[in-house]
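Please read the structure below before turning to the comments.
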Amino acid sequence: MLVQLLTHTPDPEQVAAAAARLCYSASSIDRLLDQDAVQRQALLEKILSLGHHSVLEHASFTFGIEGISRACSHQLVRHRVASFSQQSQRYVSHKEPFEAVVPPTIAGRADLAERYRDLLEEIHGVYRQLIDAGVPAEDARFVLPNAAATKLVVTMNARELHHFFNLRCCRRAQWEIRAMAKEMLRCCRRAAPSLFAVAGPGCLKGACPEGAMSCGEMAAVRREYSEF
């Protein structure tokens, strides 16, 4: 898996802080932008604690993601307040063996891993037969598995990223999308540390939102994200 922050709103923290000040000030836009880093950080901490998250929507972040499975991307695109561009299995054919993701629970067992690889090879063989027989790639792809790797460009605003991290950094999230979310959060914290200082699984800011389904490791989770 490779996760890269390709680009983001120039000075996202300044934009979000200026939008927050605008809501409570009669000052001109130029004056709203004129604040030092200490003032900006203090304001962002305040609006995040108050839940005034609408101002975060003015900052957007675009990621390049590759090496995740179609099983993972199917979960990712459920986050509707986002833009996605995904490698097409219709226009990008798999005449060569396709890259596939192997879950650790399978990779760690030699007998299962061998059977898994054999099945992927068999699927690729059927796919090639279909292509060689003149079946269009858009139809031949029907045999491709959820394990097939894919690539995406994803754009989300900072508010949606907070929501995404809240759900997908949780230890109860599926392992692959959780790993991807954690890498995205690392990128965001480097680019805009004040905007994402408290971003992460829901239990960072209060009780576990999973209730009876909690992983029961809230203290360990908080330590993990404090060291990000």
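Counting only protein heavy atoms and using a 1.4 Å probe, the accessible area of His74 comes to about 90 Å².
Helix 158-168 and the long axis of the chain differ in direction by around 50°, with both axes built from C-alpha atoms. Let's see if you can work this out: charge +1 on each Lys and Arg Cβ, -1 on each Asp and Glu Cβ, no other charges. What is the dipole magnitude of segment 184-228 about its Cα centre, in debye to the nearest 20? It works out to roughly 240 debye.
Principal-axis analysis of the Cα atoms of the chain puts helix 175-191 at an angle of about 40° to the longest axis. For the charge dipole of the chain, defined by +1 on Lys and Arg C-beta atoms and -1 on Asp and Glu C-beta atoms about the Cα centroid, which residue among Gly125, Gln89, Ile177 has the Cα displaced farthest towards the positive pole? Of Gly125, Gln89, Ile177, it is Ile177. The label point for Thr105 and the one for Ala37, both projected 7 Å from the Cα toward the Cβ, are 4.5 nm apart.
Which of Met184, Met156, Met218 moves most in a GNM of the chain, Cα contacts under 10 Å? Residue with maximal mean-square fluctuation among Met184, Met156, Met218: Met218. Remark on Lys151: its backbone amide H falls under 5 Å from those of Gln87, a criterion applied only to residues 5 or more positions apart or on other chains, H modelled at 1.01 Å from N. For the chain, the Cβ-based charge dipole about the Cα centre amounts to some 520 debye (Lys, Arg positive; Asp, Glu negative; other atoms uncharged). The helix-only estimate of mean residue ellipticity at 222 nm for the chain, built from DSSP H runs of length n ≥ 4 each weighted as -39500 (n - 2.57), is -14000 deg cm²/dmol after division by the residue total. Compute the helix-to-body angle for 110-132: its Cα long axis versus the longest principal axis of the chain, expressed 0 to 90° and rounded to tens. Once rounded, the angle reads 80 degrees. Near Thr7, the amide H atoms lying under 5 Å from its own belong to Thr62; only residues 5 or more places off or on other chains count, and H is placed 1.01 Å from N. Round to a whole angstrom and tell me the spacing of the C-alpha centers of segment 60-80 and segment 170-228. Using only Cα atoms to place each centre, the spacing works out to 17 Å.
Contact order for the chain, expressed relative to its length and based on alpha carbon pairs under 8 Å spaced 6+ residues apart, stands at 26 percent. Rounded, prolate or oblate for segment 80-182? Axes are the square roots of the Cα gyration tensor eigenvalues, ordered a ≥ b ≥ c, and the cut-off for rounded is a/c under 1.5. Oblate, since a/c reaches 1.5 and b/c is not below a/b.
The values are calculated or read from the model by the stated rules, or taken from the named source; none is laboratory data. Just so you know, these numbers come straight off a predicted model, no measurement behind them. Glycine gets a Cβ as well: all are built from the backbone with ideal geometry, and neighbour counts include every protein chain shown. All accessible areas refer to the heavy atoms of the entire protein, side chains included, with ligands and DNA or RNA removed. Shrake-Rupley method; radii C 1.70, N 1.55, O 1.52, S 1.80 Å.
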